[in-house]
Amino acid sequence: MGEKIKIYLSDWQFNAGIVGLYNILEYAKDEVAINEQYIEIELEMLKNFEEKYFNYFIEKYKETTPWYRIVSYKSIMKSHENNNFENFDKKSLDYLNDYIKMVKDYLKRPNYKKVYPFVENDKDIISLEKELKTIRINKSDKVEDKIDEVKDRFKTINEVIDYCNSEDGKKYIAAKGVIYNIINNGWNGVCFLNPQTKEHDVYKDYKEYFVDETINYLKSNKEKFKYNCFVCDRKMNNMNNDLSFLNETGFDVARKTSHVWDFTNDVAICDLCKLVYSCLPAGFVYAYDKGIFINSNISANDLLKINRKLRDDILHKDDSDYRSLTYRALVKAINEQHSSKIQYELQDIQIVRYENERYRFNLLSKEVLKVIRESEKELKSLMNTGYREVRTNFSIYDITIDRLLNNYNMFTLIHKLLIYKITNSQSITTYYHMGHVMNLIIINVNYLKGVEGMDKVKENKELVRKARAYGYYLRQEYLNKDRDADKNKIRGVSYRLLNALKTRNTEMFMHNVITSYMYVGETIPKKLTIALENEEILGIIGYAFVTGLNGGEYKDKNENGGENNEN
């Protein structure tokens, strides 16, 4: 057993680094001890850590790299060769030419040329790049007449792919990809991300800058050290390491001394913390130039579990819509995490998102977390719903989660969805029905209870269902009286009711309700008069009533949120 090192939870960036360090070591099959507020590693685990570091990123994010875009074409070539090029058409030729342009572009880049000396291979990749040329085709030419040229290009491409897919080729070329696609999202300006670095071997550079210094520091006698680490409070010999290498964090302590008290810098970290911070990109989950991290710091185990669920759900899904993907993964991770520990009280958690090279923060209070848990079924029904404004698509699920993250109720969204559904506008296309709006109203009731402290939630949910039923049966009376009522009368009443709800005008709302029931010769349900109590109750009951007035009857057993044949 070697020397053991305890690394305690701290700020969100350091916690992301802890998650990243754990992920890297776990992927390398090292057994990391997880305790209540810290993880414990052995010094021996830092041996060959630079290899473990890049292996993790390459495995988890290889499909985002230029290396993968180069080598993945091999399966396409095999398919054409197996079919004797029978299906090789103009589209295939255009794709081949685009592929060749892409390959040449990457192979010629200075950053890639720097690692070629470290790839042990008898092929000259620079000569292969020069040899590889696109195939010109005129309008009068036939694609089948170019097959010999295609075969010739395939031969060269095969050599390029074999070079890139060799052990050293993947090691260095794929590493370059994850450096500029993933790692530089977390930190920059030092080590292999320092434009002035003299070491072109990225593995050696990382080892010397982060790993070796950490090992030497941990082995050193710290009795005479007079400084303390800003993060972990360990003793250290100098103030050479600061936080300026982290994106959107820190400052140049040498040039901007005015940023600290009395022009004396005390913001410095030890070599171990510097190593942990370098693992921050492995703690975030990145997709499509965006990242997310859940700082659930109740315990180290909680922190690791919830982020592992998030990572696995995002990286194992093929979805081009990053926001939907991350929101769904976020909700799933939260629900799974807390359903496994119902006996504990929910705690606030911090959501950190990396977008447009900036960090964005949301604090999910335990009340909002409870809303998400209690609304799991209703949220699930909204996953494939949305609307289109002119040329822009919007996901109702995403908007709902976004509003919960930012502590907004759903009234304005409900209002918009009802207006869009009632209005026959050529610029608006809807992909939802009134059952989905009803589920949004239920989510809103849960939110108002959890965040704004609304009383009688169970009774209010029942009122919501009854209010929708009242609206539905009033609709039937209108249709019995006039088969075309849906085209004008019901729509007109709905607009007036929505205008009253928008301004929370109880008198106007009840006036239109009374007029509508008088028109069909029916008695107003007593329960509807509860809407007179206050503005929130008016909104809850009123929107449910309008929902019923414009759609099918709500059915609890329908998991999709209502009937699919609604108007």
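The values are calculated or read from the model by the stated rules, or taken from the named source; none is laboratory data. What you see is a predicted model; the values in this text were computed from it and never measured. Cβ: placed from backbone, ideal geometry, glycine included. Neighbour counts: every protein chain shown.
Side notes on the structure shown:
- The single residue among I182, I215 that is within 33 Å of the chain's Cα centre (by Cα), modelled with pLDDT of 95 or more and not acidic (D, E) turns out to be I182.
- Set side by side, the residues K74, K104 differ, and just one is touching a Leu at 6+ places or on another chain (Cβ under 9 Å) and either part of a helix (DSSP H, G or I) or surrounded by fewer than 13 Cβ atoms within 10 Å (Cβ to Cβ) (or both), which is K104.
- Of all residues in region 42-68, exactly one satisfies the criterion of being surrounded by 21 or more Cβ atoms within 10 Å (Cβ to Cβ) and not in a helix (DSSP H, G or I), namely T65.
- Of all residues in region 520-534, those satisfying the criterion of being surrounded by 15 or more Cβ atoms within 10 Å (Cβ to Cβ) and either under 44 Å from the mean Cα position of the chain (by Cα) or without any contact (Cβ under 8 Å) to a residue 40 or more places away in the chain (or both) are I524, L528, I530, A531.
Okay, residues lined up against (1) closer than 18 Å to W67 by Cα; (2) aliphatic (A, V, I, L, M); (3) at pLDDT 95 or above; (4) more than 30 Å from the chain's Cα centre (by Cα):
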position: E159; (1), (2), (3), (4): yes, no, yes, yes
position: D162; (1), (2), (3), (4): yes, no, yes, yes
position: N194; (1), (2), (3), (4): no, no, yes, no
position: F210; (1), (2), (3), (4): no, no, yes, no
position: N238; (1), (2), (3), (4): no, no, no, yes
position: L243; (1), (2), (3), (4): no, yes, no, no
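Condition check ((1) hydrophobic (A, V, I, L, M, F, W, C); (2) under 19 Å from V178 (Cα atoms); (3) out of contact with any helix residue (DSSP H, G or I) (no Cβ under 7 Å at 6 or more places or on another chain)) across all residues:
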| position | (1), (2), (3) |
| --- | --- |
| Q13 | no, no, no |
| Y27 | no, yes, no |
| E36 | no, no, no |
| E42 | no, no, yes |
| S75 | no, no, yes |
| Y95 | no, no, yes |
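- Cβ separations smaller than 8 Å between residues 6+ apart or across chains give no pair from region 195-216 residues that are within 14 Å of I179 (Cβ to Cβ) and among the small types (G, A, S) to residues that are surrounded by fewer than 17 Cβ atoms within 10 Å (Cβ to Cβ) and modelled with pLDDT of 95 or more.
- Residues in region 1-28 that are among the charged types (D, E, K, R), farther than 21 Å from E213 by Cα and not in a helix (DSSP H, G or I): D11 only.
- Conditions (1) without any contact (Cβ under 8 Å) to a residue 24 or more places away in the chain; (2) within 27 Å of the chain's Cα centre (by Cα); (3) outside any helix (DSSP H, G or I); number of the one not met by E31: (2)
- The residues of region 279-308 that are modelled with pLDDT of 90 or more and basic (K, R), listed by number, are K305, R308.
- Of all residues in region 390-415 being within 26 Å of the chain's Cα centre (by Cα) and closer than 24 Å to G492 by Cβ, the one that is surrounded by the fewest Cβ atoms within 10 Å (Cβ to Cβ): T412
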